[in-house]
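Data block below; observations after.
The values are calculated or read from the model by the stated rules, or taken from the named source; none is laboratory data. Because the structure is a prediction, the values reported are computed rather than measured. Cβ coordinates were reconstructed from backbone atoms using ideal geometry, including for glycine residues, and neighbour counts include every protein chain displayed. Accessible surface is based on the protein model in full, side chains and every heavy atom, while ligands, DNA and RNA are left aside. Shrake-Rupley method; radii C 1.70, N 1.55, O 1.52, S 1.80 Å.
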Amino acid sequence: MNSDTITNAQLQNWENFCSHIGDWHGTWNVYNLEGELIRSHQCVRSFHLSSDGSEMNHQNYSTYADGTNKLETYGPHKKPHIRSLHLSDSFSWGSQEVKSGSVFFFETGFKHQDRRRSAVARYNENGTLDILIISEHLGSQVEEPALPPANELSGWQGIITKMSPECIVSPAVSTSWIQLEDLNKNYLTLCLKDGVSISIPKYIESETEFFLVTEWLVNSTLLLRGIRHFDISGFTSFTLEVFNR
């Protein structure tokens, strides 16, 4: 693999990242391991490109139930060097390996038209696990109708695309439908609000193979599934599965 290939892949990753430009008004819901809502707050995530297209400015403006506000600024992110992988309308970033005594986290999400969904999981040093689901709409807050669980719908047909940590994308191939809870019956699988589900290990250890799954039922005919894959050395790839029926 030559440097030109890597550079082109990074530039394409940046271009995909730029499709998220705008002000994303969201609800951030934190859940316990039984899928019960613990707390919630509102947040606007803003992504705006500099006039010359070389930097992405990122701010989070949070509003909490007690009326307090917080503004956080990240970056600016300089083209094309970003930590996140952007495969079509999905994105994922997080820890690259499991280190004893350190926090391990990830966020995987999806964009469909003017909507976004993402899941964040954080494995803390003390062995606890935090789960956050973010539901966003471009430009304003919008309530959406509930959908049935994906496993109550049949006839899914899908394709899978793989992306390496270097942003190299493999050709898409067909894939078979497997219900989320059947990917690994020992994992914690939760079907949460706004069509988002996750399947992740309850605990993780260094030098072990595992995967982290986030799923969004966009509508009754479209389902997106993003998976972060790890082997004994660390993060190996991100895959996006797109199912239609």
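Observations on the structure shown:
- Residue match in the range 110-117 (condition: open to solvent by 50 Å² or more (accessible area, probe 1.4 Å) and over 30 Å from D231 (Cα atoms)): yes
- Test result for Y61, among the hydroxyl-bearing types (S, T, Y), open to solvent by 80 Å² or more (accessible area, probe 1.4 Å) and under 18 Å from L132 (Cα atoms): yes
- Odd one out for Y187 among (1) open to solvent by 50 Å² or more (accessible area, probe 1.4 Å); (2) over 18 Å from F91 (Cα atoms); (3) among the hydroxyl-bearing types (S, T, Y): (1)
Per-residue answers, yes or no, for (1) under 21 Å from E125 (Cα atoms); (2) open to solvent by 10 Å² or more (accessible area, probe 1.4 Å); (3) part of a strand (DSSP E or B):
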| residue | (1), (2), (3) |
| --- | --- |
| D194 | no, yes, no |
| Y203 | yes, yes, no |
| V213 | no, no, yes |
| L223 | no, no, yes |
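- Which listed residue is farther than 17 Å from I227 by Cβ and not in a loop (DSSP other than H, G, I, E, B), from E107, E136, E125, E144: E136
- The single condition among (1) open to solvent by 80 Å² or more (accessible area, probe 1.4 Å); (2) among the charged types (D, E, K, R); (3) under 24 Å from R225 (Cα atoms) that D89 does not meet is (1).
- Scanning the range 70-79 turns up at least one residue that is open to solvent by 80 Å² or more (accessible area, probe 1.4 Å), assigned to a loop (DSSP other than H, G, I, E, B) and more than 20 Å from T236 (Cβ to Cβ).
- Scanning the range 123-141 for residues that are without any contact (Cβ under 8 Å) to a residue 40 or more places away in the chain and open to solvent by 50 Å² or more (accessible area, probe 1.4 Å) gives E125, N126, T128.
This table checks each residue for (1) out of contact with any Phe, Trp or Tyr (no Cβ under 8 Å at 6 or more places or on another chain); (2) modelled with pLDDT under 95.
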site: S88; (1), (2): yes, yes
site: Q96; (1), (2): no, no
site: G109; (1), (2): no, no
site: Q113; (1), (2): yes, no
site: V120; (1), (2): no, no
site: S135; (1), (2): yes, no
site: S154; (1), (2): yes, yes
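- Boolean, G67 is touching a residue at least 40 places away in the same chain (Cβ under 8 Å) and part of a loop (DSSP other than H, G, I, E, B): no
- Count of residues meeting criterion [surrounded by 12 or more Cβ atoms within 10 Å (Cβ to Cβ) and out of contact with any strand residue (DSSP E or B) (no Cβ under 9 Å at 6 or more places or on another chain)] in the range 142-167: 1
- Unmet requirement for I178, which otherwise passes all of (1) modelled with pLDDT of 95 or more; (2) open to solvent by less than 40 Å² (accessible area, probe 1.4 Å); (3) of a type in the set (A, V, I, L, M, F, W, C): (2)
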